[in-house]
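Single-structure report; data block below.
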Amino acid sequence: MLLVRFFPREFNFFDSFDAHAALAVEAAVFFRQLVEKGEVDEVALGKMQTIEHRADETTHIIIDQLNKTFITPFDREDIHALAKQLDDVVDTVATIVNRLKVYNLRGPNKNLIEFSKVIEESVRAMAAAVQGLRNVKNSKVIAKCCVEINTLENVGDSMRDRVLAELFEIEPDPIKVIKWKEIYENAETILDICEDVANVVESIVVKQA
Amino acid sequence: MLLVRFFPREFNFFDSFDAHAALAVEAAVFFRQLVEKGEVDEVALGKMQTIEHRADETTHIIIDQLNKTFITPFDREDIHALAKQLDDVVDTVATIVNRLKVYNLRGPNKNLIEFSKVIEESVRAMAAAVQGLRNVKNSKVIAKCCVEINTLENVGDSMRDRVLAELFEIEPDPIKVIKWKEIYENAETILDICEDVANVVESIVVKQA
Amino acid sequence: MLLVRFFPREFNFFDSFDAHAALAVEAAVFFRQLVEKGEVDEVALGKMQTIEHRADETTHIIIDQLNKTFITPFDREDIHALAKQLDDVVDTVATIVNRLKVYNLRGPNKNLIEFSKVIEESVRAMAAAVQGLRNVKNSKVIAKCCVEINTLENVGDSMRDRVLAELFEIEPDPIKVIKWKEIYENAETILDICEDVANVVESIVVKQA
């Protein structure tokens, strides 16, 4: 058990979390534009990787500062969870983009476009909830965002059930079933992670009430 | 780092964990009856969702009270882990039921029936282990339950290997392979989660020894 | 919240972590030899299970001692994470070996052999990083190992993308696609877990800086 740690050196966790959430929004917007276009080329893959690496770096900086800092604006495990989950959002978006390329899936897919819009909405609400942490006393904004995120997660569950049922019913090619099943499930997972973020944000608010 | 938190307001974690585990038992029994019948209709799906929502609510109440309470009957991270894992048991049962419907799988499947019986046994042992936490001094009951859970997890591993080998050997339709592979693997996962619960329960006992 | 715990009873966490990491190396070496040979028989399966059980036991001993010990050489959550991740490395190797048998996959597969070599390298670097924890002041060794692990994780990502793209392009049998997709993804997951270990090791170093 360590008792000696550095004192805070002007590191602002709020700024880092906002930057992290902004990268998640950037990833979600880029993802929506990409699936609307329906073509993942090398340039798009490169741009996605750039966003992913910046999110990785931001995660590392937050964890590193957490390890060096004794006094934090909220519980250490919540900072850890938030950094991990924001990173997971970007990683999962990047995984889908990567698989669209690896599986050579071309042309706009209406189900994935629909998913990408719900994902963008949820990630924007998530970023607003994270920003709300700067002022937990005004927790109405946070509560509104979290309700929206929960609603969108339910929407995503229904979408996944509907598109999977359709896929298994009408797609005769098992290889295509394997590919799209994975992509739809990953899309829904992003909405689950946004809900995890909402849960942590709500925990932080409750603890400071 | 937060130092100010509410003092306990008569919240009884043991009651909540028992209620949570009882929902897991309810889910496991319902699941076994459902796969014996071999037909997931809208009514069954609705009932499963009701159990799932009640488990979700119980999880939220436990986490919420944990966040508001300074003194807890056992380590905070163990309370968090238990609440999460009990929820995961119910969620994974609900996922299988949902997929049986989405994949339009009808008729009793002898392998899944066999799995459902092992799951019910393990979930009942898990509930007994959780109940045992009220009196850790009498840790013999807990130890007996945990041994049973571990044994059933090994049984589940062997079952999964056997039914997967059989599925891949005799099922000519790749679409059916995809569907049943997922369902069998989720069934085995429930036994893994019960084992995770047993590990946390054993940790709590050791810490209080 | 528990305040009373046993004082350390000469338990050496470093020795246990080294033993744990040595089992991971043993698993990785055995795995590489096995896939080079291209045949998983009952004897090989038994040997793999033996390694897996010893890793399980080591994990349990570490967690058990952690629960009984008040003063630990580094943060409790880092000990917990390390024990869990080292176990996950061995478990995931064992899962692949098990599936090669269950799926009746025979004959050397050049992609899997390539993966097994990268896995062995990464697990060896991971073991060296863990051993480096005995003397965090000499953190250059640890840093070198962690850089290597990160590099190998990137190598693994590229390999997975390449072999999956190839698999989906040239394999006409969907059943074989299902089998090999799972095996390649599990292989890459091992490299991810090694990276998780590296991240925890780096956290420990930073906290003690």
query = Is it the case that B:Ala128 is in contact with a Cys (Cβ under 9 Å, 6 or more places away or on another chain), surrounded by fewer than 22 Cβ atoms within 10 Å (Cβ to Cβ) and away from every other protein chain (no Cβ under 12 Å)?
reply = yes
remark   = Of the residues in region B:152-209, those that are polar (S, T, N, Q) and within 25 Å of A:Glu182 (Cβ to Cβ) number 2
key: Criterion violated by B:Gly38 - all others in (1) touching a Gly at 6+ places or on another chain (Cβ under 6 Å); (2) under 28 Å from B:Ser203 (Cβ atoms) satisfied   = (2)
ask   = What number of residues within region C:144-174 are under 18 Å from C:Gly107 (Cα atoms) and open to solvent by less than 20 Å² (accessible area, probe 1.4 Å)?
value = 2
inquiry  = If the requirement is being modelled with pLDDT of 95 or more and farther than 25 Å from A:Lys101 by Cα, which of these qualifies: C:Val155, C:Val118, C:Val97, C:Val136?
reply    = C:Val97
ask   = If you go through region C:2-14 one residue at a time, do you hit one that is at pLDDT 95 or above, assigned to a helix (DSSP H, G or I), within 13 Å of chain B (Cβ to nearest Cβ) and within 27 Å of C:Val206 (Cα to Cα)?
value = no
ask   = Mind checking which residues of region A:57-70 are buried (at least 16 other Cβ atoms within 10 Å of the Cβ) and at the interface with chain C (Cβ under 10 Å from one of its Cβ atoms)?
value = A:Thr59, A:Ile63, A:Gln65, A:Leu66, A:Asn67, A:Lys68
note = Checking C:Arg160, C:Arg99 in turn, the sole residue that is of a type in the set (Lys, Arg) and closer than 17 Å to C:Phe30 by Cα turns out to be C:Arg99
request  = Could you please find all residues in region B:79-124 being under 15 Å from B:His20 (Cβ atoms), away from chain A (no Cβ under 14 Å) and open to solvent by less than 10 Å² (accessible area, probe 1.4 Å)?
outcome  = B:Leu82, B:Leu86, B:Val89, B:Val90, B:Val93, B:Val123
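Tally up the residues in region A:113-130 that are among the small types (Gly, Ala, Ser) and without any contact (Cβ under 8 Å) to a residue 60 or more places away in the chain, please. Break it down stepwise before answering.
Taking region A:113-130 as the starting set, the residues that turn out to be among the small types (Gly, Ala, Ser) are A:116, A:122, A:125, A:127-129.
Now narrow it down to the ones that are without any contact (Cβ under 8 Å) to a residue 60 or more places away in the chain: A:128.
Here the count works out to 1.
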request  = Out of the residues in region C:180-209 that are open to solvent by less than 10 Å² (accessible area, probe 1.4 Å) and more than 13 Å from chain A (Cβ to nearest Cβ), state the one that is farthest from C:Leu112 (Cα to Cα).
outcome  = C:Val197
note = Here the residues within region A:79-133 that are outside any helix (DSSP H, G or I) and of a type outside the set (A, V, I, L, M, F, W, C) are A:Tyr103, A:Asn104, A:Arg106, A:Gly107, A:Pro108, A:Asn109
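When you look at B:His20, is it part of a helix (DSSP H, G or I) and within 15 Å of the chain's Cα centre (by Cα), yes or no?
So B:His20 passes the test.
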query = Give me the pairs: first residue in region C:159-176 and within 21 Å of C:Asp192 (Cα to Cα) and within 10 Å of another protein chain (Cβ to nearest Cβ), second residue among the β-branched types (Val, Ile, Thr) and open to solvent by less than 60 Å² (accessible area, probe 1.4 Å), beta-carbon distance under 8 Å, and six or more apart or on different chains, which are they?
reply = C:Asp161/A:Val102; C:Leu164/A:Val102; C:Ala165/A:Val102
key: Residues that are open to solvent by less than 50 Å² (accessible area, probe 1.4 Å), within 12 Å of chain B (Cβ to nearest Cβ) and of a type outside the set (Asp, Glu), drawn from region C:22-56   = C:Leu45
ask   = So B:Pro73 clears everything in (1) within 14 Å of another protein chain (Cβ to nearest Cβ); (2) buried (at least 18 other Cβ atoms within 10 Å of the Cβ); (3) in a helix (DSSP H, G or I) except one condition, right? Which one?
value = (3)
Test: A:Val141 is open to solvent by 20 Å² or more (accessible area, probe 1.4 Å), among the aliphatic types (A, V, I, L, M), more than 18 Å from A:Phe14 (Cβ to Cβ) and away from every other protein chain (no Cβ under 14 Å) = no
task = Would you please list the contacts, defined by Cβ atoms under 7 Å and residues six or more apart or on different chains, that run from a residue in region B:78-94 that is free of Cβ contacts under 8 Å to residues at least 24 places away in the same chain to a residue that is open to solvent by less than 20 Å² (accessible area, probe 1.4 Å)?
result = B:His80/B:Leu66
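The values are calculated or read from the model by the stated rules, or taken from the named source; none is laboratory data. Please read all numbers here as calculations on a predicted model, not as lab measurements. Neighbour counts run over all protein chains shown; Cβ positions are idealised from the backbone, glycine included. Side chains included, ligands, DNA and RNA excluded: accessible areas come from the protein's heavy atoms. Shrake-Rupley method; radii C 1.70, N 1.55, O 1.52, S 1.80 Å.
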